[in-house]
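In what follows, a single structure is set out as structure tokens and then discussed.
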Amino acid sequence: MDRDQCYTTEEPQLETPTDITTFSAITQSDEEENEIEIANSFPPDNENPETVGLPDTSEDLSPHSSMTTKELQEYWRNEKRRYRQVKLLFEIPSARIVEQHFSKYVMYKVIVIQTGSFDVNNSVIERRYSDFEKLHKNLLEDFSEEMEDVTFPKKTLTGNFTEEIINERKLAFKDYLRTMYSMKYVRRSKKFIDFFMRQELEEGYGCLRGGQYAKALEILVQAIALQEKLTKHNPLLIVSTLCAIVVCHKDLENSRSAYEYGEKALLRLQLCTSHKYYTALLETMITLAYELGKDFVSLQEKLEESKAKRHHAKVFTLKELAVREYVH
């Protein structure tokens, strides 16, 4: 079960449903946790909406190294108050009926919006009733107690394609996503996160394996925008996608873009140098830095240190690692 070890037993109060489903991703119990998360966060990447506005720990902590623990906690508490609380909106504004061969079903358009100054693009996916139903069954396997009072729209034998039923389900699915996300255990579970992006990531990685790098890049860039919104509790969860984007840009000879995404991945791996992507990413970044005329000495030093720790363990290339992701 994907539950946080430092999870508190308090759950946020659900808001009264409105036309736009709004809730805070930072609840009362989350605020205490986020004071610790900010104090231990990675240095900011100003091009990444996930980290815009966060304090640079490498610069901010050094002047305050003489602080007592209590003073340092108060400092970070004051820093946190300077930044906007992040909220997510789930909207299902429309649906369309799809007819393929001998099948007919309804696709619901799901928009995930991060409010405030953090989000520059709305993330849009499409899911059908069976996708929601599969999510519900999967979550019940792990969170039956938490979901005891959660309702899910039942299947009907007739009328599934009427405007009335479709509109009812649009509202029901919107409220369902809102309710699930309000539970910390659930919103951080792999099963919940996979619902929003696994289909797109599987398609993107499939294109990568097939050498369709431009198409893969288009899909993965869209997917990672949503992935960032849903995985803020663990920056390492998007490393594989960032590295896949690096591979695509590199094979398309977009060295500068590949390097930029590689920097974002390295930023998240600096405190986890044992990660399977770390050594391969460093090797790729050294090659890119050389092509772009950038300083690669520090990267070379990190690579030698990483290889020394791994001894004679086989090191895969970044592309070899990427093509192994999302293989059935």
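For the stretch 221-328, the solvent-accessible area of protein heavy atoms averages 50 Å² per residue (probe radius 1.4 Å; ligands and nucleic acids excluded).
Over the stretch 78-188, average the accessible area per residue using a 1.4 Å probe and give it in Å², no decimals.
Working: 6360 Å² over 111 residues.
Result: 57 Å² of accessible area for each residue.
Give me the extension gain from Leu271 to Phe102: residue separation times 0.36 nm, minus the current Cα-Cα distance, reported in nm with one decimal.
Details: separation 169, 0.36 × 169 = 60.84 nm, distance 5.18 nm.
So the extension gain works out to 55.7 nm.
Using a Förster distance of 51 Å, how high is the FRET efficiency between Ser298 and Ser94, based on the Cβ-Cβ distance and rounded to 0.05? Don't skip to the answer; put the middle values down first.
Numbers: r = 50 Å, r/R0 = 0.98.
It comes out at approximately 0.55.
Highest mean first, the peptides 188-196, 209-217 sorted by other C-beta atoms within 10 Å per residue fall in the order 188-196, 209-217. Between Glu163 and Glu320, residue separation times 0.36 nm minus the direct Cα-Cα distance comes to 51.8 nm. Using C-alpha pairs below 8 Å separated by at least 6 residues, the relative contact order for the stretch 78-188 is 24 percent.
The values are calculated or read from the model by the stated rules, or taken from the named source; none is laboratory data. Quantities reported herein were computed from a predicted structural model and do not represent experimental measurements. Reconstructed Cβ throughout: ideal geometry from the backbone, glycine too, with neighbour counts over all protein chains shown. Side chains are part of the model used for accessible areas, which takes the heavy atoms of the whole protein and leaves out ligands, DNA and RNA. Shrake-Rupley method; radii C 1.70, N 1.55, O 1.52, S 1.80 Å.
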